[in-house]
Amino acid sequence: MAARVARSHDLDIFDVELKREAGGWLLRIILDRPVQRDSSGAVLVESLSTAIGLDECQRVSEDLGTLLDVEDALDRAYTLEVSSPGLDRPLRNVDDYRRFTGRRIKLVVPEGVDGQKHFEGRLQGVEDEAVLVETQPGRVRHIPLRIVSRARLGVEF
């Protein structure tokens, strides 16, 4: 249901959680923009202006809340929360790395690369199954995607 409502607003679902919290059940829906591609199929780089806005979250929340009530989808009382992945969103796949090229990034590599397990810098893209991160001006590190356990965008103002 959440995916259907999100698509009607030209959005995708990034994540869905249903969990018990101190105040009761919480249904959290996290929205995302669909990956945009050019005519050759290459992933387009996103700008900061394409972030999910509060108005979009509110519209999806209203539509989804109504649908969930009409369909009587959950057999318990819950709070519906609709949000975006945030400024420090996780990067989950190669398309994410491509679409956020040029942005600040933080990576964790449990195996380590040259003895280093944490990297922070400017994402330069993906090449030969490796993430390219400029960790210092003029120094680009090639970090194999297969060994990255966590990656997030860095917050920029």
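In region 34-42, the condition of being of a type in the set (A, V, I, L, M) and farther than 20 Å from Val82 by Cα is met by at least one residue.
Could you please let me know if Ile105 is under 14 Å from the mean Cα position of the chain (by Cα), crowded, with 17+ Cβ neighbours inside 10 Å and within 17 Å of Val5 (Cα to Cα)?
Working: under 14 Å from the mean Cα position of the chain (by Cα): yes; crowded, with 17+ Cβ neighbours inside 10 Å: yes; within 17 Å of Val5 (Cα to Cα): no.
Judged against the criteria, Ile105 is not a match.
Please indicate, with yes or no, whether at least one residue in region 46-58 is closer than 30 Å to Val131 by Cα, hydrophobic (A, V, I, L, M, F, W, C) and out of contact with any Ser or Thr (no Cβ under 6 Å at 6 or more places or on another chain). Checked region 46-58: at least one residue is closer than 30 Å to Val131 by Cα, hydrophobic (A, V, I, L, M, F, W, C) and out of contact with any Ser or Thr (no Cβ under 6 Å at 6 or more places or on another chain). Looking only at residues in region 128-157 that are touching an Asp or Glu at 6+ places or on another chain (Cβ under 6 Å) and surrounded by 13 or more Cβ atoms within 10 Å (Cβ to Cβ), the one that is nearest to Gln116 (Cα to Cα) is Ile147. Within region 118-157, the set of residues being free of Cβ contacts under 8 Å to residues at least 24 places away in the same chain, of a type in the set (Lys, Arg) and closer than 24 Å to Gly86 by Cα comprises Arg122 only.
Identify, from the list Ile52, Ile13, the residue that is β-branched (Val, Ile, Thr), in contact with a strand residue (DSSP E or B) (Cβ under 6 Å, 6 or more places away or on another chain) and at pLDDT 90 or above. After applying the criteria, what remains is Ile52. Could you pull out the residue among Glu17, Glu21, Glu56, Glu62 that is under 15 Å from the mean Cα position of the chain (by Cα) and either exposed (fewer than 14 other Cβ atoms within 10 Å of the Cβ) or within 23 Å of Asp88 (Cβ to Cβ) (or both)? After applying the criteria, what remains is Glu17.
Would you pick out the residues in region 65-87 that are farther than 15 Å from Leu18 by Cα and loosely packed, with under 13 Cβ neighbours inside 10 Å? Thr66, Asp69, Val70, Glu71, Asp72 - these are the residues of region 65-87 that are farther than 15 Å from Leu18 by Cα and loosely packed, with under 13 Cβ neighbours inside 10 Å.
The values are calculated or read from the model by the stated rules, or taken from the named source; none is laboratory data. The model shown is predicted, which means the values in this text are computed figures rather than measured ones. Glycine gets a Cβ as well: all are built from the backbone with ideal geometry, and neighbour counts include every protein chain shown.
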